[in-house]
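Read the structure below first, then the notes.
Just so it is clear, none of the values below were taken in a lab; they were calculated from the coordinates. In this text, all values refer to a predicted model and were calculated from it rather than measured experimentally. Using ideal geometry, Cβ is built from the backbone for each residue, glycine included, and neighbour counts are taken over all protein chains shown.
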Amino acid sequence: MTRDAATPTLEVLDAGTVLTFGLEDLMRYHGPGFPGGVAHGFTAMRRAWPLLDPAGPPERRSIRIETAFRGPGGRDAIELVTRAVTEDRFVVSADLERRERGTTLERYVFRFHHRERTVTVQIRDGFVTDEFIALSRTPDRSAAQEDHLTVLKQEMANRLLAPAPESVYDVVEE
């Protein structure tokens, strides 16, 4: 498959072979349900990769992930690239929540481990809206609310993917 050089991708090594994944690969794997979650996973990995292994792509099966993010889109994006879910190297933990950041931002935290390096990233303000969080957590949504949530998911994905990952996710010193 040929890719446009301007299209962002993620690379990992798998037994010495470079594997390249673009957003379209992640969306195809996940499906249409949670494009914002896929965008979070893709952007968080793009932010962390250069810091995990400055020499080049990290080894796929040496990456472990801890996150407070519960969304299936993020999980699926990370799984496709790292195989961490099926190989028990992916953990969702409420202990990583940044409650001091408020309900809207508290769960958008990803901690990536690769060999001796650990990189934790958290979302910057302005990419996730209060309206999205409130509606996504509303039980028994009406059809109109579901339709509006679908729009909000795509709008969030667009906000996440437009800038460089460094503008979306901050590296957090632990």
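Across the range 98-109, in residue order, what do the Karplus-derived ³J(HN,Hα) couplings come to in whole Hz, using 6.51 cos²θ - 1.76 cosθ + 1.60 with θ = phi - 60° and x for Gly and Pro?
9, 4, 5, 8, x, 4, 5, 10, 4, 9, 8, 10
Enter the Cα centre distance for the pair the range 56-95 and the range 143-171, rounded to the nearest angstrom.
Spelled out, the Cα-based centre of one part sits 20 Å from the other.
For the range 36-42, what does the Karplus curve 6.51 cos²θ - 1.76 cosθ + 1.60, with θ = phi - 60°, yield as ³J(HN,Hα) per residue in whole Hz, taken in order and with x for Gly and Pro?
x, x, 4, 4, 4, x, 4
Compute the long axis of helix 72-82 from its Cα atoms, compare it with the longest principal axis of the Cα atoms of the chain, and write down the angle in degrees, 0 to 90, nearest 10.
Orientation of helix 72-82: about 10 degrees from the principal axis.
Calculate one ³J(HN,Hα) per residue across the range 43-52 by plugging θ = phi - 60° into the Karplus curve 6.51 cos²θ - 1.76 cosθ + 1.60, and present them in order as whole Hz with x for glycine and proline.
Values, residue by residue: 5, 4, 5, 4, 5, 7, 3, x, 8, 6 Hz.
Of ASP147, ASP88, how do they rank once you tally other Cβ atoms within 10 Å and put the fewest first?
Working: ASP147 11, ASP88 8.
Ranked by crowding around the Cβ, least crowded first: ASP88, ASP147.
Would you mind checking the tilt of helix 143-161 against the longest principal axis of the Cα atoms of the chain, expressed as 0 to 90 degrees and rounded to 10?
For helix 143-161, the angle is close to 40 degrees.
So what is the relative contact order for the range 9-172, in percent, with contacts set as C-alpha pairs under 8 Å and at least six apart? Provide the component values of the computation, followed by the final result.
Working: 277 pairs, mean separation 41.6, N = 164.
Averaging sequence separation for qualifying contacts and normalising by length gives 25 percent for the range 9-172.
Mind checking the alpha-carbon convex hull of the range 9-172 and giving the volume per residue in Å³?
Hull volume over Cα atoms, normalised by residue count, gives 112 Å³.
Ranking ASP125, ASP14, ASP140, ASP76 by Cβ neighbours within 10 Å, fewest first, what do you get?
Numbers: ASP125 10, ASP14 13, ASP140 5, ASP76 21.
Least crowded to most crowded, the residues run ASP140, ASP125, ASP14, ASP76.
So who's got an amide H within less than 5 Å of the one on VAL109, skipping anything under 5 residues away but keeping other chains? H placed 1.01 Å off N, in plane.
Long-range HN contacts for VAL109: ALA68, PHE69.
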